[in-house]
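This report refers to the structure that appears directly beneath it.
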Amino acid sequence: MSDRPMPPTNGVVVEHVSKRYGDGPQAVTALADVSLRINAGAFVSIMGPSGSGKSTLLNLIAGLDTPSGGRVIVCGEDLAALSDDARSLLRLRHIGFVFQSFNLFPTFTAEENVAWPLEFLGSSWREARARADTVLTHVGLNGAARGRRPAELSGGEQQRIAIARALVARPTLLLADEPTGNLDSKTGESILDLLRGLNADEGLTIVLVTHSAAAAAYGHRTVELRDGCIVGEQMEPRASTLPAM
Amino acid sequence: MRLFDFRLPLRFLRGHYGRLALTVIAVACGVAQVSGNDLVSHAALTAFVNVIDTVAGRASLQVSSGEGASFSEEVSRVVAAIPGVALVVPVISATAFTTDESGDLLAVQGFDVTDKRAVEVYELQNDEASGFDDPKLLQPGAIVLTHAFADARKLKIGDAIDFDTPRGRQRFTIRGLLEPHGVARMSQGNLIIMDRDGAEDAFGSRGLINRLDLVVDREQDPNDVARAIATVLPPGLRVEAPAQRKADLYKVMRAFGALLSAFDLIGVGAAFLIAFNGLSTLFEARAWQIGVLRAIGVTPRAVWRELLKESLLIGVTGTALGIPAGIGFALIFVGPITKAAALNSKVATPDTVVTLHISSLILAAVVGLLAASLGAALPAWRASRGEIVDTLRVRGAEQEGIGTRGRWWFRGLGATTTAVAIAMEVATHSVAWGLVATALLVVGASLTARPLLDALHTPLLHACRWLGGPIGRFTGMHLTRNPRRTALTIAMLGVGLGCVLWLWMLAQSFEQSVIEVLTQSMRSDLVVSSSHIESGFLEAPVDESLLTDLAAIPGVGRVVGDRVSDWHHGGGPIAIDAFDAVYFSDPSFGQWPLVGTRLPDVWKTVARGDAVIVSSNFVLNLHAQVGDVVTLETPSGPLAVRVGGVITHFTSPRGTVMMSRELYERFWRDPKVTRAFLQTTAGADIAAVRADIGRRLGRKYGLRILSCPEIVGYFASQVRLAFAGLRVLAGLVLLLVMVGISDTLAAGVIERTREIGSLRVVGVPRALVQRMVLLESCAFGALGMVLAMALGLALGTLWVEATFPYLLGWVVELHLPYGYALEITLATLAACLGAAYLPSRRAAALQPAEALRYE
């Protein structure tokens, strides 16, 4: 991808997307003709039971997987038209990804786990570390924890680091795949509060995948998936009125 | 990310130091082997060349007739008349041995010490007190020794000293001491300088010399002068430059260098396999991390580059450790390898000094870095190219490699190129093709590991069930769940142990061939020879008066003399083995087993001097056949004689001619014998006769008296000496194999932590979990040994039948080392159990609840 100015829109457009795994009678359809538009600055929750295709949809939006049919436009770019390297650069610059299982590098300290993507964007280590410190402060991780490795931290702290890593390159789109799935309810709430704050304060577009209605309610809009199809969509009330998860 | 920024790879390597240690050790071993062998080659070659340089002094040409055979002093006058010859120094060259326990060999140089120009040729400096003008130097028995030799024995001028000579023990008087200059530096100062007349009396015959050292005018081309000299020399004499002898030595050392290169190939191959296996396992275990890198937006190329940087760090560490280890290796093995080269060329073993050669170190560093980088390239490529979603979802699963069709295509290509390389070696007798074929067979064995696993999968599962009960099923499942890693481990085992078996087969074939031939050819009651070894493994010659002295001893029946000497034929060295005629007609002394066709009544024809027998390597190297007429240049003129038969002989790597000693003595005018074979009279006590010979003649001739089995044992021990490093090599390979298996098992245990937790939760006891890992290790060992046997057999056959004869000249029969194969199988089993100990303990010690939570 060329080093050009920001694309005209940082939203997401999913048009008639389908995804099948395998061939012939053994084929499994994960997504069937899904269309969705997510505007810039939106906080959208994608909800559904296990196997409904929500993680597949998120992977397609992130360009981690390719659709069997239809197209995905992210930040104004049709992902199918981009090379693998261009998709990588799009993710590095404009998309942050938060995993359910954190996926932090066990041999890196918290600070290193956050800073390393910047090194691939050409920042010096000093600059990367300074930015990582800022982001870690922003996500609420205190100083002592920053020099520790993931195994020495709690689940909540690990997920904060994972969010910090996703934010460190100042993305415009944050994709979160069950970010509270491995956390207790209280910690989960604090993480969701953090995401909501990022959306509200910084205008970050967030797509949250969850199977929990309570978590989904943190978004402005919930898209419900079942068996690979969108079966419902609703606008959420403000989070201050939400029940506890 | 900057190209030379190693922060990220270092962070990734942080938590894996233990696991990476094996890969680093493997690379270090490969580097050590390459640098060590190269340093040894340099040191040995330098030592041999120094000997030639110091012996020759400033002489630019030498005239001689092979191994010390004498010729008339008159030749010097003829040679001196050739234009361009500035100086001719007639020399008596001989050897003497100290009579103390050390039995040290001293080179004797006898020349006209009153000729100042001759003294200058050898750059000799007598000490100030006497100088070479001392008339006492011309007295019979007067010698000049080096300060080094005299000081070590607290000898001074005027002292008498005994030496064993071909004429028996003689007493000499020290008349001068040499400073360590010129020829006096040779062999740590083991040198005797004598006036030529005295040397002729003590070591030869009056008027006969055995070498001319020539100085050529500076403005003349030594080659032109040599050609002119060759035209006037009597038959049997030849002129050569020390440079030619150096070239011959370079040839021998090149052959040894090629042998060492073969070891290098194996070492680097094994290092590569271990690095490949280690890095594949590491990268696969970390595939999810690579998936995270990709998911965050790092391009596959950048991921690949970062992974290669990791391997580069491993390569640098391995090289940094391997180079000092290589220097250590060179210091330890320079002696045995030089000894083996000296045994092969039948020359005295020179003193060697290992000096650092930057080229050796650079070569080793390049090899180490390449092995690590290439070992990482494919796993890194696989890891960086995998589907992001898959790598994130599935942890610990083997990544997809090339397809089945691609694998078989690759194997087919390997088999074809191997066959072509072997065919080319047989057709061209080129050792280079032999090395290519060796490398391809090693690669082929590595590629066979996977089909071997596939083929033996079912019987392996049954065996695991049978040996391990229900837990055996899990062992079998794991072996086939990660087939690439299992195959790589089997390949590592197969290549390492296969190469040990190959070398052992070579050693066994050589040793057994020597034993088989000598037990048939040496059947006398006793074998008497000098107790001193003159060159390589050959005993020093003694005067043939020994035969009559032996015959006069009560209880001694018939005596047969045997003279073994070096000669030249067809542009290179050969050996002459001459037995008294009675040996050929009386089978009770033994008879050499003939190979292939022979002339009728061959032994009688040889006894009469009408035919000779040649060795199989003579046939191979000099292309003579039974019935052909071979013309040997002798001191008495050309000797044209028919080839009556072919035997296997181990005196010269280029070829040996066996003839009657009567014929030899007539043409070579050499009245010495190397050995005397004797039969005792009926009823005589052999031990008593042996003791009597020792009492009566032992001191006079400096004798060694052995039975035939003992002398056969002596020669077998010389062969074993040449292959002495094999057990060290086998030990090193077993150690590497142990670490390699241990690493693979440890990786498997870590990967299956949750699975083991589940087993424990269900109620499987710790002992069974431990047994599961032990069984897995034994399965690796069993499959590895199958591959090792096949590779060892293939390489052994290739080397015994083709590469070894073309490389060093020896032709030997193929012998399989059954006993050793059993020994190494048991050692491998023990190594496998040892390797499994820690991983199995770790598996058994896992707490079920923790194991289930393991990510």
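The values are calculated or read from the model by the stated rules, or taken from the named source; none is laboratory data. Keep in mind it's a predicted model, so treat the numbers as computed, not measured. Cβ sites come from the backbone with ideal geometry, for glycine too, and all protein chains shown count toward neighbours.
Points to keep in mind about this one:
- Verdict on B:G557 being closer than 30 Å to B:D685 by Cβ, more than 37 Å from the chain's Cα centre (by Cα) and assigned to a strand (DSSP E or B): yes
- Residues in the range A:118-149 that are more than 14 Å from chain B (Cβ to nearest Cβ) and in contact (Cβ under 8 Å) with a residue 40 or more places away in the chain: A:V139, A:G140.
- Looking only at the range B:8-24, and only at residues there that are closer than 16 Å to B:A376 by Cβ and either of a type in the set (V, I, T) or facing chain A (nearest Cβ under 10 Å) (or both), the one that is surrounded by the fewest Cβ atoms within 10 Å (Cβ to Cβ): B:L10
- Strands (runs of 3 or more DSSP E) fully within the range B:560-663 that include at least 2 residues being more than 19 Å from B:P541 (Cα to Cα): B:611-615, B:629-634, B:637-647.
- A count restricted to the range A:11-68 and to residues that are within 14 Å of chain B (Cβ to nearest Cβ) and either assigned to a loop (DSSP other than H, G, I, E, B) or farther than 28 Å from B:R385 by Cα (or both) stands at 10.
- Scanning the range B:655-671 for residues that are surrounded by fewer than 22 Cβ atoms within 10 Å (Cβ to Cβ) and at pLDDT below 90 gives B:R669, B:P671.
- Apart from one condition, A:D84 fits all of (1) within 14 Å of another protein chain (Cβ to nearest Cβ); (2) in contact with a strand residue (DSSP E or B) (Cβ under 7 Å, 6 or more places away or on another chain); the exception is (2).
- Scanning the range A:158-193 for residues that are charged (D, E, K, R), outside any loop (DSSP other than H, G, I, E, B) and within 22 Å of A:I38 (Cα to Cα) gives A:D177, A:D193.
- Filter result (touching a strand residue (DSSP E or B) at 6+ places or on another chain (Cβ under 8 Å), surrounded by fewer than 23 Cβ atoms within 10 Å (Cβ to Cβ) and of a type outside the set (A, V, I, L, M, F, W, C)) within the range B:673-706: B:T674, B:Q679, B:T680, B:T681, B:R690, B:G694, B:G698, B:R699, B:K700, B:R704
- Considered as a group, the residues in the range A:93-117 that are part of a helix (DSSP H, G or I) and surrounded by fewer than 23 Cβ atoms within 10 Å (Cβ to Cβ) include one that is nearest to the other protein chains (Cβ to nearest Cβ), and that residue is A:R93.
- The set of residues in the range B:513-546 being assigned to a helix (DSSP H, G or I), surrounded by 20 or more Cβ atoms within 10 Å (Cβ to Cβ) and in contact with a Gly (Cβ under 7 Å, 6 or more places away or on another chain) consists of B:S521 alone.
Table: residues versus (1) within 14 Å of chain A (Cβ to nearest Cβ); (2) surrounded by fewer than 23 Cβ atoms within 10 Å (Cβ to Cβ); (3) under 25 Å from B:I756 (Cβ atoms); (4) touching a Pro at 6+ places or on another chain (Cβ under 6 Å).
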site	(1), (2), (3), (4)
B:A767	no, yes, yes, no
B:I824	no, no, no, no
B:A835	no, no, yes, no
B:A845	no, yes, yes, no
B:P848	no, yes, yes, no
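- Taking first residues from the range B:618-639 that are within 16 Å of B:R598 (Cα to Cα) and partners that are of a type in the set (F, W, Y) and not in a strand (DSSP E or B), the Cβ contacts under 9 Å between residues at least 6 apart in sequence or on separate chains come to B:A624/B:F618; B:V630/B:F618.
- Which listed residue is touching a Phe, Trp or Tyr at 6+ places or on another chain (Cβ under 8 Å), surrounded by fewer than 21 Cβ atoms within 10 Å (Cβ to Cβ), assigned to a helix (DSSP H, G or I) and at negative phi, from B:L321, B:L313, B:L363: B:L313
- Among (1) in contact (Cβ under 8 Å) with a residue 40 or more places away in the chain; (2) under 28 Å from A:I191 (Cβ atoms); (3) surrounded by 15 or more Cβ atoms within 10 Å (Cβ to Cβ), the one test that A:L64 misses: (1)
Residue-wise test of (1) in a helix (DSSP H, G or I); (2) farther than 26 Å from B:V442 by Cα; (3) in contact (Cβ under 8 Å) with a residue 24 or more places away in the chain.
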residue	(1), (2), (3)
B:A788	yes, no, yes
B:P805	yes, no, yes
B:L814	no, no, yes
B:A844	yes, yes, yes
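- Condition met for A:K19 (under 26 Å from B:V298 (Cα atoms), among the charged types (D, E, K, R) and either in contact with a helix residue (DSSP H, G or I) (Cβ under 9 Å, 6 or more places away or on another chain) or surrounded by fewer than 22 Cβ atoms within 10 Å (Cβ to Cβ) (or both)): yes
- Residues of the range B:482-501 that turn out to be more than 30 Å from the chain's Cα centre (by Cα) and among the hydrophobic types (A, V, I, L, M, F, W, C), as a count: 1
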